[in-house]
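Below is one structure, written out as structure tokens, with a few remarks after it.
The values are calculated or read from the model by the stated rules, or taken from the named source; none is laboratory data. Note that the coordinates shown come from a computational prediction; the quantities given were computed from them, not determined experimentally. Quick reminder, even Gly has a Cβ in these numbers, built from the backbone with ideal geometry, and neighbours come from all protein chains shown.
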Ligand SMILES: [Zn+2]
């Protein structure tokens with residue numbers, strides 16, 4: 001088993017990176033972009049909003065969180081074969097974007113190594129340095145300039161002070 005943060009996994013697995021059309025190593029969810037920021041980040045909603053921009057105008061796909069299309073080692077091999085079969089550098093680049101892959105990992109030379117099963121997500125970076133701080137920013141109304149939209153999830157300051165009092169001291 002090979003564990004690493006996303007930068008490490010990106011380099012040793014030859015994946016395109018985090019903010020790509022289909023960045024997940026485990027499932028095949030595809031991203032879309034905000035039509036008002038067509039060169040901005042990809043987002044990965046289960047149901048893309050109307051007007052969302054999809055790579056190469058690919059069709060909108062609605063996902064079931066309990067039944068996502070999962071990646072397989074065979075699917076990765078087929079994607080790499082598709083990339084290598086590109087007749088021009090531009091076409092290859094386009095295919096790399098679609099599959100979010102850049103090449104074959106040398107780790108596949110190891111007996112029993114699976115691109116899908118042998119490289120788990122690193123919980124420290126994924127959860128504690130990414131998702132939890134982002135959630136706290138979202139719930140406090142300070143996440144990348146986003147407002148609550150049509151929902152009501154922002155925690156008032158008095159609730160935050162109680163939450164902070166209940167958190168364990170890390171020092
Ligand atoms: Zn996934």
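Side notes on the structure shown:
Here is a yes/no grid of residues against (1) assigned by TED's automatic domain parsing to the domain that holds residue 21; (2) more than 25 Å from residue 30 (Cβ to Cβ); (3) modelled with pLDDT of 85 or more; (4) under 22 Å from the mean Cα position of the chain (by Cα):
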residue	(1), (2), (3), (4)
83	yes, no, yes, yes
90	yes, no, yes, no
131	no, no, yes, yes
136	no, yes, yes, yes
149	no, no, no, no
157	no, yes, yes, no
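- Of all residues in region 118-129 being under 16 Å from the mean Cα position of the chain (by Cα) and not in a helix (DSSP H, G or I), the one that is surrounded by the most Cβ atoms within 10 Å (Cβ to Cβ): 119
- For region 94-112, a tally of residues being surrounded by fewer than 14 Cβ atoms within 10 Å (Cβ to Cβ) and within 16 Å of residue 80 (Cβ to Cβ) returns 3.
- Index of the failed condition, residue 115 passing every other in (1) closer than 28 Å to residue 47 by Cα; (2) touching a residue at least 60 places away in the same chain (Cβ under 8 Å); (3) assigned by TED's automatic domain parsing to the domain that holds residue 50: (3)
- Residue in region 57-75 that is at positive phi, in a loop (DSSP other than H, G, I, E, B) and surrounded by fewer than 13 Cβ atoms within 10 Å (Cβ to Cβ) present: no
- When residues of region 1-26 are limited to those that are surrounded by fewer than 14 Cβ atoms within 10 Å (Cβ to Cβ) and within 16 Å of the ligand (Cβ to nearest atom), the one modelled with the lowest pLDDT: 17
- Residue check for residue 115: surrounded by 11 or more Cβ atoms within 10 Å (Cβ to Cβ) and at pLDDT 90 or above: no
- Pairs with Cβ under 9 Å, 6+ apart, first in region 126-152 and more than 19 Å from residue 163 (Cα to Cα), second at pLDDT 85 or above and not in a helix (DSSP H, G or I): 147/141; 147/154; 148/141; 148/154
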